[in-house]
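Colleague: Following this message is one structure expressed as structure tokens.
The values are calculated or read from the model by the stated rules, or taken from the named source; none is laboratory data. This one's a predicted model, so the numbers in the text were calculated from it and none came from an experiment. For neighbour counting, all protein chains shown are included, and Cβ atoms are generated from backbone atoms with ideal geometry for every residue, glycine included. Just so you know, the surface numbers come from the protein's heavy atoms only, side chains and all, with ligands and any DNA or RNA stripped out. Shrake-Rupley method; radii C 1.70, N 1.55, O 1.52, S 1.80 Å.
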Amino acid sequence: MWLLRLTWALAALVTMASTGPSPTVPSPHKVSIFADLSAAELRAVRSFLMSRPELGLSPSHEGPLAKNSLFLVELLPPKKHLALRYLDQSGPRPQRQARAVVFFGGQAEPNITEFAVGPLPQPNSYRPLRFKGGRSVPFTARPMTQLEYELLHGMLAEAMAPLNRLLRNATGFEYRNGTCSAHGEEGQRCLTFSDIAPRGLASGERRTWVVLQRFLEGFFLHPVGLEVLVNHQDLDPRRWVVEQLWYNGRYFSSPQELVESYERGTLAVAYLPQPPSRQLFSSYEPRGRFATNTRTDVHGAKVCEPQGQRYQLQGNLLEYGGWSLAFRLRSSAGLQLFDLRFNGERVAYEVSVQEAIAFYGGHTPAAMQTKYMDAGWGMGSVTYELARGIDCPDTATYLDAHHLYDADGPVRFSRAICIFELPTGVPLRRHFDSDFHGGFHFYAGLEGQALVLRTTSTVYNYDYIWDFLLYPNGVMEAKVHATGYIHATFYTPQGRRYGSRVHSHLLGNLHTHLVHYKVDLDIAGTSNSFETMDVRFENISNPWSPGEPRQKWEMGPCPSTHTWGLLHVPSSGPYPDPVLHRYHLAVTRYHENEPSSSSIYAQNEPWEPLVSFESFLRNNETIEDQDLVAWVTVGFLHVPHAEDIPNTSTPGNVVGFFLRPFNFFDEDPSVASRGPVIVRPLDPPTFSRLQIQRWTPPSRGPCLAPDLFTYNGTY
């Protein structure tokens, strides 16, 4: 059995029900079927599709919106049964294919079509991919592109021109095209915007509230009190219109109405102080002093590897202790593990990030509309450079990633992934065996370490730090830290019901973070069952003292179920039930046409989602002795506070779950580690001579990399 344990102490059991293939560690060549597409493969797919005259594709960043363009290319993983036949039964190697997303905007009925393109590395054919139920993707469901943002910026610059006198007087900044500086230099003081989703109140709409902000370092914390509703559904930007405005608590039907109120003197103007030239509250510049005399102007503790790395990385195959796995970084949704094994026995076929959601409350129209679904914002493609010694230890191995997401070719993201061994700071296990007379019989301990596979997603204001940790006792942990800038709106007294005042003109809006994972467990084969365990008290008579009542623990199965409730958001109002996040845990049978619980289209088409997780659950299938998938939701409520300035800190803002063996091994498998220390007295009770047993060499060598900190940041 393996225990799926969520960090809120919720537990479920997945039980072994069949005998799988004999234990073996796969070769790097074998698991390369799961490797991300190389830059050469991405270019080959794009070149092939661009050459097909029937597709009529144009470059992504040029020309109008009403055109056909290639939006996304990434690996299309092989079908599971084909992959297992190849990995376990010496079957044929699955054909390598790409998933390509094409925006067909240059036709009478615009739509989005996904294609399987192959075989790689030299593609020569393509075929359409179908969503479950055969539904087509409406064009309004498409994610935003750089081109649409540029057109939206130009439209706003024109629409806001009548308001610039008001904006200059109130904020010292104006909304315009041209050179702008995030340092607020005179003559370059511009306003920018953050856009909100979902984009409308019903299926088929593309109406977006934007929040205007001063373009300063950390502009997310500098709203000016103006929010604008733009209808940009039409593919011709000349037909885009401003439908409403909200300024400092009041709604206006047009920019002209707002200007007239200002000129009549009936507008409550929100005057903002000019930003300081240094130590801006939204910046990372040090300010203030600690009350103690401890030093912070020298380096703190660092991770070291006295005898070098204890893990192996070959291509996309990662090995550590008893663990082996293949990994990739999907442009669409992030980290994905395949063929997760311990001592050669498969534990899971796939463990992957599916979606990250944030539901907000607020008084302003933008705040009350904000319900972010980050797969729709390219959550897996915004994997910017990790800083050595900060985002990951100096000793880490760093890997680049290539994404073809809203681009006219593959883009290299340097140091997008890091791998490192981490001292946990607590023993994996230890015991001091006292003789209760001032001495001891023995001491034994095994230092705690874990291997970490990490990437980050910077989805505009928020930064998610995604980790998978492998422990030597057969435990795997998946977790995510939330940091970055809070999504904040302009402070009004009415807004206090929906958050905290975190600065003079700033409201930190109440919100819930929810993250969804897929865990396709294959414990000793694909035929598994699921049960939950309950622990309760039982009243009994004391067998060795009749008449004395006692209570004892009893363990037994819970009532049969395959979903555990988490959160229910009423379906009334402009946004439907977030079905995939109603449950801490949902267990379904594996189906090839249910590869993920969300999609890149869910953000802009949440009312009739292309991927309906509800249908995964409502087919009333048996889940006994079947190929099962566990869908895990973790999350937390975030009530912003002043200490979230400048950024939300990682302590306390982390959630995740564990996979733990439960009577699967004969003993703790970490006994195979050569890292323990055993101390035994040789002459009790004097204890003048000790036997110290170690199986590792003495620590020696430098702990810190001698070269200076460097960082590039380009991609």
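Colleague: Which one of these is in contact (Cβ under 8 Å) with a residue 60 or more places away in the chain, among the β-branched types (V, I, T) and in contact with an Asp or Glu (Cβ under 6 Å, 6 or more places away or on another chain): V137, V117, V101? Explain how you work it out, then say what you get.
Modeller: Working: V137 fails: in contact with an Asp or Glu (Cβ under 6 Å, 6 or more places away or on another chain); V117 fails: in contact with an Asp or Glu (Cβ under 6 Å, 6 or more places away or on another chain).
Residue meeting the stated conditions: V101.
Colleague: Inside the range 418-437, can you point out the residues that are touching a residue at least 40 places away in the same chain (Cβ under 8 Å) and more than 17 Å from E385 (Cβ to Cβ)?
Modeller: Of the range 418-437, the ones touching a residue at least 40 places away in the same chain (Cβ under 8 Å) are 419-423, 428-429, 435, 437.
Within the range 418-437, E421, L422, P423, L428, R429, D435, H437 meet the criteria.
Colleague: So in the range 256-272, with the set limited to residues that are in a helix (DSSP H, G or I) and not charged (D, E, K, R), which one is surrounded by the fewest Cβ atoms within 10 Å (Cβ to Cβ)?
Modeller: Step one: filter the range 256-272 for residues in a helix (DSSP H, G or I), giving 256-264.
In the following step, the residues that additionally are not charged (D, E, K, R) were identified as 256, 258-259, 261-262.
Values: Q256: 12, L258: 22, V259: 17, S261: 17, Y262: 20.
The qualifying residue surrounded by the fewest Cβ atoms within 10 Å (Cβ to Cβ) is Q256.
Colleague: Can you spot a residue in the range 686-694 that is open to solvent by 30 Å² or more (accessible area, probe 1.4 Å), under 22 Å from the mean Cα position of the chain (by Cα) and of a type in the set (V, I, T)? Even if it seems obvious, please write down each step before you answer.
Modeller: First pass over the range 686-694, keeping only residues open to solvent by 30 Å² or more (accessible area, probe 1.4 Å): 686-694.
Still in the list and also under 22 Å from the mean Cα position of the chain (by Cα): none.
No, the range 686-694 has no match at all.
Colleague: Does the range 134-157 include one or more residues that are acidic (D, E) and either in a loop (DSSP other than H, G, I, E, B) or under 26 Å from L212 (Cβ atoms) (or both)?
Modeller: Of all residues in the range 134-157, those acidic (D, E) come to 148, 150.
Narrowing the set further to residues that are either in a loop (DSSP other than H, G, I, E, B) or under 26 Å from L212 (Cβ atoms) (or both) leaves 148, 150.
Yes - at least one qualifying residue is present in the range 134-157.
Colleague: Any idea how many residues of the range 395-420 are buried (at least 20 other Cβ atoms within 10 Å of the Cβ) and either in the same structural domain as V45 (by the TED database) or charged (D, E, K, R) (or both)?
Modeller: Selection size over the range 395-420: 2.
Colleague: State yes or no: is H81 in a helix (DSSP H, G or I), out of contact with any strand residue (DSSP E or B) (no Cβ under 6 Å at 6 or more places or on another chain) and either more than 28 Å from A348 (Cα to Cα) or open to solvent by 40 Å² or more (accessible area, probe 1.4 Å) (or both)? Outline the logic, then answer.
Modeller: Details: in a helix (DSSP H, G or I): yes; out of contact with any strand residue (DSSP E or B) (no Cβ under 6 Å at 6 or more places or on another chain): yes; either more than 28 Å from A348 (Cα to Cα) or open to solvent by 40 Å² or more (accessible area, probe 1.4 Å) (or both): yes.
Yes; evaluated as a whole, the condition is true for this residue.
Colleague: While we're here: Taking the residues in the range 6-38 that are among the aliphatic types (A, V, I, L, M) and open to solvent by 60 Å² or more (accessible area, probe 1.4 Å) as candidates, determine which candidate is modelled with the highest pLDDT.
Modeller: Taking the range 6-38 first, the residues among the aliphatic types (A, V, I, L, M) are 6, 9-14, 16-17, 25, 31, 33, 35, 37.
Still in the list and also open to solvent by 60 Å² or more (accessible area, probe 1.4 Å): 9, 16, 25.
On the way: A9: 35, M16: 46, V25: 88.
Per the stated criteria, the residue is V25.
Colleague: If I filter the range 491-503 down to residues being touching a residue at least 40 places away in the same chain (Cβ under 8 Å) and out of contact with any helix residue (DSSP H, G or I) (no Cβ under 9 Å at 6 or more places or on another chain), which single residue comes out as least open to solvent (accessible area, probe 1.4 Å)? Break it down stepwise before answering.
Modeller: The initial filter retains those residues of the range 491-503 that are touching a residue at least 40 places away in the same chain (Cβ under 8 Å), namely 492, 494-495, 497-500, 502-503.
Checking the rest, the ones that are also out of contact with any helix residue (DSSP H, G or I) (no Cβ under 9 Å at 6 or more places or on another chain) come to 492, 494, 497.
Numbers: T492: 6, Q494: 94, R497: 190 Å².
Among them, the one singled out is T492.
Colleague: Still on this structure: Going through the range 428-443 one residue at a time, which ones are open to solvent by less than 40 Å² (accessible area, probe 1.4 Å) and either at pLDDT 95 or above or not hydrophobic (A, V, I, L, M, F, W, C) (or both)?
Modeller: If we filter the range 428-443 for residues that are open to solvent by less than 40 Å² (accessible area, probe 1.4 Å), which is where we start, we get 434-435, 439-440.
The answer is S434, D435, G439.
Colleague: Another question, if that's okay. Just checking, how many residues over the range 121-130 are part of a loop (DSSP other than H, G, I, E, B) and surrounded by 15 or more Cβ atoms within 10 Å (Cβ to Cβ)? Outline the logic, then answer.
Modeller: So the first thing to find is which residues in the range 121-130 are part of a loop (DSSP other than H, G, I, E, B), and the list is 121-124, 130.
Checking which are surrounded by 15 or more Cβ atoms within 10 Å (Cβ to Cβ) leaves us with 123.
Final tally of qualifying residues: 1.
Colleague: Got a number for residues in the range 397-424 being assigned to a loop (DSSP other than H, G, I, E, B) and either at pLDDT below 95 or touching a Leu at 6+ places or on another chain (Cβ under 8 Å) (or both)? First the steps, then the outcome.
Modeller: First, the residues of the range 397-424 that are assigned to a loop (DSSP other than H, G, I, E, B): 406-410, 424.
Among the residues that remain, those that are also either at pLDDT below 95 or touching a Leu at 6+ places or on another chain (Cβ under 8 Å) (or both) are: 406, 409-410.
Number of matching residues: 3.
Colleague: Follow-up. Please state which one of V210, V230 is outside any loop (DSSP other than H, G, I, E, B) and surrounded by 21 or more Cβ atoms within 10 Å (Cβ to Cβ). Can you show your working first?
Modeller: Details: V210 fails: surrounded by 21 or more Cβ atoms within 10 Å (Cβ to Cβ).
Within the list V210, V230, the selection yields V230.
Colleague: Another question, then. Name the residue that is surrounded by the most Cβ atoms within 10 Å (Cβ to Cβ), counting only residues in the range 39-75 that are part of a strand (DSSP E or B) and of a type outside the set (S, T, Y).
Modeller: Among those residues, the one meeting the criterion is V73.
Colleague: Could you give me the residue pairs with C-beta distances under 9 Å whose first residue belongs to the range 660-679 and is closer than 19 Å to L4 by Cα and among the aromatic types (F, W, Y), whose second residue is assigned to a loop (DSSP other than H, G, I, E, B) and open to solvent by 50 Å² or more (accessible area, probe 1.4 Å) wherever it lies, and which are 6+ apart or on separate chains?
Modeller: From the range 660-679, the pairs are F662/M1; F664/M1; F665/N343.
Colleague: Taking the range 504-543 as the search range and keeping residues that are at pLDDT below 95 and acidic (D, E), which one is farthest from the chain's Cα centre (by Cα)?
Modeller: By that ranking, first place goes to E538.
Colleague: Looking for whichever is open to solvent by less than 20 Å² (accessible area, probe 1.4 Å) and more than 30 Å from L399 (Cβ to Cβ) here; the options are G91, G118, G133, G105. Which one fits? Show your work before the answer.
Modeller: Numbers: G91 fails: more than 30 Å from L399 (Cβ to Cβ); G118 fails: more than 30 Å from L399 (Cβ to Cβ); G133 fails: open to solvent by less than 20 Å² (accessible area, probe 1.4 Å).
Result: G105 is the single residue among G91, G118, G133, G105 that is open to solvent by less than 20 Å² (accessible area, probe 1.4 Å) and more than 30 Å from L399 (Cβ to Cβ).
Colleague: Pull up the range 241-255, narrow it to residues that are among the aromatic types (F, W, Y) and crowded, with 20+ Cβ neighbours inside 10 Å, then point me to the one that is nearest to A268 (Cα to Cα). Break it down stepwise before answering.
Modeller: Within the range 241-255, the subset among the aromatic types (F, W, Y) is 246-247, 251-252.
Subset that is crowded, with 20+ Cβ neighbours inside 10 Å: 246-247.
Values: W246: 12, Y247: 9 Å.
Ranking the qualifying residues of the range 241-255, first place goes to Y247.
Colleague: Another one. Can you tell me which of (1) in a helix (DSSP H, G or I); (2) touching a Cys at 6+ places or on another chain (Cβ under 8 Å); (3) among the hydroxyl-bearing types (S, T, Y) is the one T192 doesn't meet?
Modeller: The failed condition is (1).
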